[in-house]
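Novice: Quick one: the structure is below, and I'll ask about it shortly.
The values are calculated or read from the model by the stated rules, or taken from the named source; none is laboratory data. Keep in mind the model is a prediction, meaning the values are calculated, not measured. Ideal geometry is used to build each Cβ from the backbone, glycine not excepted, and the neighbour counts take in all protein chains shown. Areas reflect the complete protein model, heavy atoms only, side chains present, ligands, DNA and RNA absent. Shrake-Rupley method; radii C 1.70, N 1.55, O 1.52, S 1.80 Å.
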Amino acid sequence: MTAVKRMFVLLCGYEILPMTVSLRGADPKFIVSVPICTYLLDTRDGWVLLDAGLDSHHLVDPGQIEKYFSPGRWFPPPVVKPVHEMEAQLKSIGIGFEDISVLILSHLHADHSGHIKRMPQARIVVQKREYDYAFSNAEKIAYFPEDYDLPGLSWDVIDGDSKILDGIEAIFTPGHTPGHQSLIVDLPQTGKVILTADVGDWIENFDQEILPGSATSDEEAIASIRRINALRQQTGAPMFLTHDPVLVQKIKLAPDYYA
Ligand SMILES: [Zn+2]
């Protein structure tokens, strides 16, 4: 029986990007704004979070702006309005970062790792290949070590598909990054849902099998898109997309929830 009682979708900001970043081969003239979503699960074993959003501190600190978000780097910078702040959204649900007992990270890009530092009490679940890559000297794009290379964090490094709790299954979906993972969550009334994270930003990535703009392995990225598509077919489970600008407007957002 599933341990999950409710799922909240938190809209944590927007990124302003060429459409080619999400959809390989798109017309380079198009610039789009894509949401950053995270997922909060209320379970009988405590609060579980998938992904930690972007830390808006990086967007106001002059040193961080220069380092990461100046022209020629990640520019224009993302947008995190007060309404997008994770802390305020958790508060509207009646909890805080200190109440998160398990933090699952799809991968360690900066728009997924921002608030890790605020959850030292949490068991932080990440795939081994992602952990090794993030902590390696490889030249990486969009990894901010100051978000995750910190003392006092409780890493739970897993390797491949794993059950996290009853009703929460991690599935290994590499390609966008070396150790990317997605989740299958079993909700008591809705049934199974697939939280795809960055396997594909837009529904078109899945429906038309279009590669994401950025991938550390195209071969693995397309295999992961096909794996998610096969799961959709087998289970009939709906997908929740982290960065789809249209779908985000059609789903229930926190403090509303799915049961
Ligand atoms: Zn990413």
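Novice: Straight-line reach only, C-alpha to C-alpha below 16 angstrom: list the lysines that LYS163 could link to, leaving out same-chain residues fewer than 8 apart.
Specialist: LYS128, LYS192
Novice: What is the range 141-194 by shape, rounded, prolate or oblate, if you read a ≥ b ≥ c off the alpha carbon gyration tensor as root eigenvalues and call it rounded for a/c under 1.5, prolate for a/b larger than b/c, and oblate otherwise? Provide the component values of the computation, followed by the final result.
Specialist: Details: a/c = 2.31, a/b = 1.75, b/c = 1.32.
Prolate is the answer for the range 141-194, as a/c is 1.5 or above and a/b outweighs b/c.
Novice: Could you order TYR68, TYR148 so the one with the most accessible surface comes first? Probe is 1.4 Å. All intermediate terms of the calculation are to be shown ahead of the outcome.
Specialist: On the way: TYR68 30, TYR148 0 Å².
Accessible-area ranking of TYR68, TYR148, largest first: TYR68, TYR148.
Novice: In whole percent, what relative contact order does the chain give with Cα contacts below 8 Å and a gap of six or more residues? Walk me through the intermediate numbers first.
Specialist: Numbers: 573 pairs, mean separation 58.9, N = 259.
Result for the chain is 23 percent.
Novice: Full extension from ILE203 to LYS91: what is 0.36 nm times the residue separation minus their Cα-Cα distance, to one decimal in nm?
Specialist: Values: separation 112, 0.36 × 112 = 40.32 nm, distance 3.06 nm.
Contour length minus the Cα-Cα distance gives 37.3 nm.
Novice: Leaving ligands, DNA and RNA out of it, report the carbon-plus-sulfur percent of the accessible area of the range 155-230 at a 1.4 Å probe. Walk me through the numbers on the way to the answer.
Specialist: Working: 1220 of 2770 Å².
Solvent-exposed carbon and sulfur of the range 155-230 make up 44 percent of the total.
Novice: How would GLU204, GLU130 rank on accessible area, largest to smallest, probe 1.4 Å?
Specialist: Working: GLU204 55, GLU130 0 Å².
My answer, sorted largest first, is GLU204, GLU130.
Novice: When the gyration tensor of the chain is built from Cα positions, what are the square roots of 5 times its three eigenvalues, in whole Å, from largest to smallest?
Specialist: On the way: eigenvalues 119, 98, 70 Å².
Sorted largest first and rounded, they come to 24, 22, 19 Å.
Novice: To continue, here is another question. Restricting the count to DSSP beta bridges whose residues both fall in the chain, what percent are antiparallel, rounded to a multiple of 5?
Specialist: Values: 32 of 47 bridges.
Of all bridge pairs located within the chain, approximately 70 percent are antiparallel.
Novice: If the reach is capped at under 20 angstrom between alpha carbons, list the lysines near LYS91, excluding any in the same chain fewer than eight residues apart.
Specialist: Cα-Cα hits under 20 Å: LYS5, LYS81, LYS117, LYS252.
Novice: Carbon-plus-sulfur fraction of the accessible area of the range 41-94, 1.4 Å probe, in percent?
Specialist: Here carbon and sulfur together make up 58 percent of the probe-accessible area.
Novice: Moving to a separate point now. How large is the accessible surface per residue of the range 1-134, computed with a 1.4 Å probe and reported in Å² as a whole number?
Specialist: Details: 5380 Å² over 134 residues.
Accessible area per residue, the range 1-134: 40 Å².
Novice: Which value in nm describes the separation of the simple spin-label points at SER33 and TRP155, placed 7 Å from the Cα toward the beta carbon?
Specialist: Each label point is offset 7 Å from its Cα along the Cβ direction, giving 3.6 nm.
Novice: Further question: With a 1.4 Å probe and all protein chains kept in place, how do VAL126, VAL32 rank by accessible area, largest first? Walk me through the numbers on the way to the answer.
Specialist: Numbers: VAL126 0, VAL32 25 Å².
Heavy-atom accessible area, descending, gives VAL32, VAL126.
Novice: Also: Taking only protein heavy atoms and a 1.4 Å probe, what accessible area per residue, in Å², does the range 152-259 have with all protein chains in place? The partial results should precede the final answer.
Specialist: Numbers: 4540 Å² over 108 residues.
Value for the range 152-259: 42 Å² per residue.
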